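Let me begin by presenting the structure, written as structure tokens, before commenting on it.
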Amino acid sequence: MELKVAAVQLSSGSDVARNVDDALLLVNEAADEGAQYVQLPEYFNFLGPFSGFEGAAETVPGPTTSRMAECAKSRALILHLGSLLEKSPEPGKFFNTSVVISPSGEIVATYRKIHLFDVNVPDAIVHRESDIIEPGEEIVVASLEEFALGMSICFDVRFPELYRKLALAGADVIAVPAAFNAITGRAHWDLLVRSRAVENHSFIVAAAQVGTTVEGISTYGHSLIVDPWGEILAESTTDKPEVMTATLDLSEVARRRAQIPVMDFRRPDVYERSVRVT
């Protein structure tokens, strides 16, 4: 019931080839440390301005997924490509897509980010991901041999209803790859990740981008691995790329859910009723 996992923190930029090389170095480092599941952050192979999305976007499968699949197979590990830009049928639009690769090198799950980062915090950050990203329409749990992996990306973490659906569908580990903004990250990142873990008594692996790109995109870092009781098992406190590892006792999910059985105490019959406002 034990699973060694790794969250890889990166400082990606606009050079796809360099970003992939950097990611592979740390994936191999994680594998050397015995990780069976390795997760990369959001936009792991391109974290740059909207103007560069067209050149960075690929099909899935495509060149980047094929290269990463070779690594997963050679190291016999489950490799979660935090997210990358996937081509969309709509001109000028793309998907923000997670890809999970099995130890045999096969793509076993994909998830397209459902909730897009459209924010307006005066004098801090204004950003509209929806100007160029198409939202996904499917909630995804990857049924792997060792565990069930719930999939989400970054801004999704603000929507607890998604995580409850993942837990109800059997997820005992939930992925939150991110490129969380540096300003909102300081205020909310740890709180949100730990809350999603506690609410659902699930492990959370949250690999993040860190630092500021040459174009001025600033990300918070603080990659986290959290247990079903909300305890932080591993956390980055540096502003550099690195690998965080932790060994998960997967039996903890069932134990904590039995102690406080929130799944059993739910009242969907009541939730579906209209709210009485007085």
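All of the numbers you see were taken from the coordinates with simple rules; none came from a lab. These figures come from a predicted structure and were not determined experimentally. Every residue, glycine as well, gets a Cβ built from its backbone with ideal geometry; the counts of neighbours run over all protein chains shown.
Condition test on residue 251, is it in contact with a strand residue (DSSP E or B) (Cβ under 7 Å, 6 or more places away or on another chain) and not hydrophobic (A, V, I, L, M, F, W, C)? In short, no. Out of the residues in region 134-158 that are in contact (Cβ under 8 Å) with a residue 60 or more places away in the chain and either farther than 14 Å from residue 112 by Cβ or part of a strand (DSSP E or B) (or both), which is farthest from the chain's Cα centre (by Cα)? Within region 134-158, the match that is farthest from the chain's Cα centre (by Cα) is 146.
Listed by position, the strands (runs of 3 or more DSSP E) inside region 164-278 whose residues that are touching a His at 6+ places or on another chain (Cβ under 7 Å) and not hydrophobic (A, V, I, L, M, F, W, C) number at least 1 are 232-235. Restricting region 109-133 to residues that are assigned to a strand (DSSP E or B) and in contact with a Gly (Cβ under 7 Å, 6 or more places away or on another chain), which is surrounded by the most Cβ atoms within 10 Å (Cβ to Cβ)? The residue in question is 111. Screening the candidates 54, 29 for the property of being acidic (Asp, Glu), surrounded by 15 or more Cβ atoms within 10 Å (Cβ to Cβ) and outside any loop (DSSP other than H, G, I, E, B) yields one hit, 29. The combined condition, being of a type in the set (A, V, I, L, M) and either surrounded by fewer than 24 Cβ atoms within 10 Å (Cβ to Cβ) or within 11 Å of the chain's Cα centre (by Cα) (or both), is fulfilled by residue 191.
Considering only region 134-152, I want to know if a residue exists there that is crowded, with 17+ Cβ neighbours inside 10 Å, under 29 Å from residue 52 (Cβ atoms) and hydroxyl-bearing (Ser, Thr, Tyr). Looking for residues that are crowded, with 17+ Cβ neighbours inside 10 Å, under 29 Å from residue 52 (Cβ atoms) and hydroxyl-bearing (Ser, Thr, Tyr), one finds at least one in region 134-152, hence yes. Here is the figure for region 129-164: residues that are acidic (Asp, Glu) and closer than 28 Å to residue 76 by Cβ total 2.
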